[in-house]
Amino acid sequence: MTQARNTPASLPTSDSELDRRSIRARAEPMTVTALGDALYEVETDHEVSYLVDLDARRCSCPDYTFRSVRCKHLRRVAIEITEGRTPPPGRLAVECATCGEELFVPEENADRSHYCEDHALEPGAFVRDRETGDRLLVVSVSDRRADRVRIGESAYSVATYPNNRAYDPADPVVGAVYPQSVTMTERGPEPDALRVYSFPRSRLDRVDQSNVLNDLGSH
Ligand SMILES: [Zn+2]
Ligand SMILES: [Zn+2]
């Protein structure tokens, strides 16, 4: 125990002490993890973890608890958020389901699959079916879960359909067509030929558009 720990909270804090605390907040090795509900775990170099409540501006460390100072952990959480390394309150860090890149998403959606800008799908994107290897063209991206969307008049949902059961039932549903099946007429794509298939998102891998156009052109 150092002497400082026992200093009564009523003692004024000198400017130079505040400066030192700021410097430590930035320089000391600490790992900040967003837990949700504006709570952050701050793990220090000494393998001690403190809990910071950013809404209440409280910390579980002795500095805050006994001296009521704005401790280095509170400061560090603020720095990490400002510099974009830790999600702000209301968001959590998740990984892109394809490449693992870190993304900050709304807390209430954190348990779904998420994709970075490079791997997100939008209508017009080309994908590869992981089950069959087929190339498909995305025509719609829904925010409904695979276990909530029924396939036609069948008893299956997109999540329980054979070949889809290995994928996350919470996956969003993606509608896609086989580009080879689209018949081009003078009036544009023939609508009768356009049969849309529903997939759980993670069954489809995005593929580079230029590769696909080359493939299709060579047929
Ligand atoms: Zn603290
Ligand atoms: Zn990605």
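The values are calculated or read from the model by the stated rules, or taken from the named source; none is laboratory data. All of these numbers come straight from a predicted model, not from anything done at the bench. Quick reminder, even Gly has a Cβ in these numbers, built from the backbone with ideal geometry, and neighbours come from all protein chains shown.
Odds and ends about this structure:
- Of the strands (runs of 3 or more DSSP E) lying entirely inside the range 31-141, the ones with 2 or more residues being within 16 Å of ligand 2 (Cβ to nearest atom) are found at 91-95, 102-106, 126-129.
Here is a yes/no grid of residues against (1) under 21 Å from Ala93 (Cβ atoms); (2) at pLDDT below 90; (3) under 25 Å from the mean Cα position of the chain (by Cα):
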residue	(1), (2), (3)
Thr13	no, yes, no
Glu17	no, yes, no
Thr31	yes, no, yes
Glu41	yes, no, yes
His46	no, yes, no
Ser49	yes, no, yes
Cys71	no, no, no
